[in-house]
1. Can you give me the number of residues within the range 1-48 that are loosely packed, with under 12 Cβ neighbours inside 10 Å, in a helix (DSSP H, G or I) and touching a strand residue (DSSP E or B) at 6+ places or on another chain (Cβ under 9 Å)?
2. Looking only at the range 3-23, filter to residues that are polar (S, T, N, Q) and out of contact with any Asp or Glu (no Cβ under 8 Å at 6 or more places or on another chain); which one of those is modelled with the lowest pLDDT?
3. Please pick out the residue among V69, V51 that is in a helix (DSSP H, G or I), touching a residue at least 40 places away in the same chain (Cβ under 8 Å) and under 30 Å from K34 (Cβ atoms).
4. Against the definition (touching a Lys or Arg at 6+ places or on another chain (Cβ under 8 Å) and on the phi < 0 side of the Ramachandran plot), how does A55 come out, yes or no?
5. Let me confirm something: among S60, S18, which residue is among the hydroxyl-bearing types (S, T, Y) and without any contact (Cβ under 8 Å) to a residue 12 or more places away in the chain?
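The values are calculated or read from the model by the stated rules, or taken from the named source; none is laboratory data. Predicted model, so just to flag it, every value in this text is computed and none were measured. Cβ: placed from backbone, ideal geometry, glycine included. Neighbour counts: every protein chain shown.
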Amino acid sequence: MKNSYNITILGQELSVISDSEDDQVAEVVQFLNKKVDEILHSGNGLKTLNVAILAALNISEELLKLKGVNKELCDQLENRAEKLIQLIEDAS
């Protein structure tokens, strides 16, 4: 069920709709605000739009790294499962 949430990012209030639970939405907002604060406190005097873009880029980079790690782990598990299946078949 979709719920409507009023959130604040970079001092801007937004109304969003999400299928996620309340605590997950709050965690996402907190995570994004933390990234934004990290960039704001870097002391570069960036405009709001640039801060938002840099936060999106940083989060995207983290996501892509994690997807790569996840794929590697899945590939390793698949290879191990195939080896185990082969061992079981050879033992039969």
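1. Within the range 1-48, residues that are loosely packed, with under 12 Cβ neighbours inside 10 Å, in a helix (DSSP H, G or I) and touching a strand residue (DSSP E or B) at 6+ places or on another chain (Cβ under 9 Å) number 2.
2. Q12
3. V51
4. Judged against the criteria, A55 is a match.
5. It is S60.
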